[in-house]
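Structure, as C-alpha cells:
Readers should treat all values here as calculations from the given coordinates under stated rules, not as data from a laboratory. Only a predicted model underlies this, so the values are computations on that prediction, with no experimental measurement involved. FYI the Cβ positions are ideal-geometry reconstructions off the backbone, even for glycines, and counts take in every protein chain you see.
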Amino acid sequence: MSRQDVFAKTEELKRRFGEFHELSLLIDQVISDVETVNTRNSRVGGDDEIGRQYHDQVDRATEDLAELMKSIKQTVDNAGENGINLAAELDYAQDTVADIMKTL
C-alpha cells in the first residue's frame, strides 16, 4: 500500500469520526425531547388510583429511557474522540516512518 493510500484512509477516518459530533447533537435533541415528555408526564394522570397506576407504569420507563440516551451519547462522544485521536496517531506514525525512511 502506498503512502498516498494510507494518507487517504487516515483522512477518511478523520472525516467519519468527525461526523460523530453531528450524531451527538441529534442525540442531544432526543434527550431534550425525552426530558420534555418526562416533565409533561409528571403533570398528567392525576392522583387517584388510576393516576398512580399510570405513573407506576410510565414514570420509571421514561426515566430509564432518558438515562439510556445519555449513556448512548457518552459512548458516541467517546468513540468520536477516540477515533479522531487514533487518526492523529496514524498521522504521527506515517510521519515517523517517512522520517526514518529518509535516513536509510
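Points to keep in mind about this one:
- Computed E for residue 8/residue 76 - FRET, C-beta separation, R0 22 angstrom, nearest 0.05: 0.30
- For segment 51-66, 3J(HN,Hα) per residue [Karplus equation, 6.51 cos²θ - 1.76 cosθ + 1.60, θ = phi - 60°, Hz, x = Gly/Pro]: x, 5, 4, 4, 5, 4, 7, 9, 4, 5, 5, 6, 5, 4, 4, 4
- Derived scalar couplings ³J(HN,Hα) [segment 73-82; Karplus, 6.51 cos²θ - 1.76 cosθ + 1.60; whole Hz; x for Gly, Pro]: 4, 4, 5, 4, 4, 5, 4, x, 5, 5
- Taking every Cα-Cα distance in the chain and sorting them into 10 Å bins from zero, the calculated P(r) comes out as 14, 27, 19, 15, 11, 8, 4, 1, 0 percent.
- Kirkwood Rh in Å, taken over segment 24-69 so that all alpha-carbon pairs contribute: 11.1 Å
- Straight-line cross-link reach from residue 70 at under 14 Å between alpha-carbon atoms covers these aspartates and glutamates, not counting any fewer than eight positions away in the same chain: 28, 33, 35.
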